[in-house]
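The values are calculated or read from the model by the stated rules, or taken from the named source; none is laboratory data. Just so you know, these numbers come straight off a predicted model, no measurement behind them. Every residue, glycine among them, receives a Cβ derived from its backbone with ideal geometry; neighbour counts consider all protein chains shown. For the accessible areas, the whole protein counts, side chains as well, though only heavy atoms, and no ligand, DNA or RNA atoms are used. Shrake-Rupley method; radii C 1.70, N 1.55, O 1.52, S 1.80 Å.
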Amino acid sequence: RRVLFRSTADVRWWATDPALWQALGDPSPERFAYASERLGVINRFYTVYLDLVMTDAAGRVVASANPRFQRGLKDRNLAGDPWFAAARNCADGDAYVVDEVKPSPLHDNRDVLVYATGIREAGESNGRLIGTLGVYFDWQAQGQAIVEKEANLPPPIAEKTEVLLLDGALRVIASSNPARRYTHFALNNPGQAMRGSYYDNSGSIVAFARTLGYEDYDGLGWYGVIVQQTEDEDA
């Protein structure tokens, strides 16, 4: 949760970089190239991000960070993307939006989680909106690391255990069983408890906990879930 909390700070901070708002305020190929260069420097040192994408106020991509995807992104219109529409409606520079985890067609269909905000005139919080910044968190790498590496279960336990992350709509966004990806998980939690456990219809035990926020970050309403097969009632 700390990494996701930092993403809320990162996107708002980077949106005030002079290279970004100056390029949007006085457009030229040279200024947009420099903005891409600045975004690229940031991206090199923050490997949890797949890309950083800047648009103008109409949704046209004018700069991006990852050289691998720049040609396909240049001049693309993202006006129909939910993150762009939401970022355009941010009340000020302190506000940000988070899209849902999903594949990005612009990035070889890798799973991403986009944090976004508006870029404002002179980098001021209450300045006129002149563009947007979308930070593409590399969820495909990070999500699988959480359910596979961080769980760190010994092989005999791992064989009968599935570790999952669910979003607020109970959609599987990461699982130690990749076949579950983007399916709905029927979590039995009618009372909306923060944590709990129960036996499912197959006799497996299901334990769950709602993810917590961090500092002033409320979190995304996700759940961590563990499903473990039991050999018999005593086990």
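Numbers below:
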read-out: Estimated inter-spin distance, A141 and A91, nm [label 7 Å along Cα→Cβ]; value: 3.6 nm
read-out: Contact order normalised by residue count of region 114-235, Cα under 8 Å, 6+ apart, percent; value: 19 percent
read-out: Sum of side-chain charges, G127 neighbourhood, beta-carbon under 10 Å (Lys, Arg +1; Asp, Glu -1); value: -1
read-out: Percent carbon-and-sulfur accessible area, the chain, ignoring ligands, DNA and RNA, probe 1.4 Å; value: 49 percent
read-out: Dipole magnitude of region 78-231, debye to nearest 20 (Cβ charges: Lys/Arg +1, Asp/Glu -1, about Cα centre); value: 320 debye
read-out: Environment charge of V206, counting only residues whose C-beta is closer than 15 Å and scoring Lys/Arg +1, Asp/Glu -1; value: +2
read-out: Rounded tilt (10° steps) of 2-14 against the dominant C-alpha axis of the chain; value: 10 degrees
read-out: Sites S28 and N109, calculated FRET efficiency, Cβ-Cβ separation with R0 35 Å, nearest 0.05; value: 0.60
read-out: Two-site FRET efficiency, A179 against K149, from Cβ-Cβ distance with R₀ of 22 Å, rounded to 0.05; value: 0.70
read-out: Percent of C-alpha pairs per 10 Å bin, region 92-235, short to long; value: 10, 33, 30, 16, 7, 3, 0
read-out: Over the chain, relative contact order from alpha-carbon pairs under 8 Å, at least 6 apart, %; value: 16 percent
read-out: Contour excess over end-to-end distance, with Cα ends at Y199 and S125 and 0.36 nm allotted per residue; value: 21.6 nm
read-out: √(5λ) per eigenvalue of the Cα gyration tensor, region 34-149, largest first, Å; value: 23, 16, 14
read-out: Charge sum, other residues only, whose C-beta stays under 12 Å from W21's C-beta, Lys/Arg counted +1 and Asp/Glu -1; value: -1
read-out: Residue order for R71, R31, R44 - accessible surface, 1.4 angstrom probe, largest first; value: R71, R44, R31
read-out: Peptides 8-18, 52-62, 121-131 ordered by average Cβ neighbours within 10 Å, highest first; value: 52-62, 8-18, 121-131
read-out: Percentage relative contact order, region 19-117, counting C-alpha pairs under 8 Å, at least six apart; value: 17 percent
read-out: Hydrodynamic radius (Kirkwood) for region 18-82, which is based on Cα pairs only, to one decimal in Å; value: 11.8 Å
read-out: Proximal lysines to K149, defined as alpha-carbon separation beneath 18 angstrom and excluding residues fewer than eight positions away on the same chain; value: K160
read-out: Accessible area (Å², per residue) of the chain, counting only protein heavy atoms and a probe of 1.4 Å; value: 53 Å²
read-out: Dipole magnitude of region 1-113, debye to nearest 20 (Cβ charges: Lys/Arg +1, Asp/Glu -1, about Cα centre); value: 300 debye
read-out: Which of T183, T161 is most accessible, then next, and so on - probe 1.4 Å; value: T183, T161
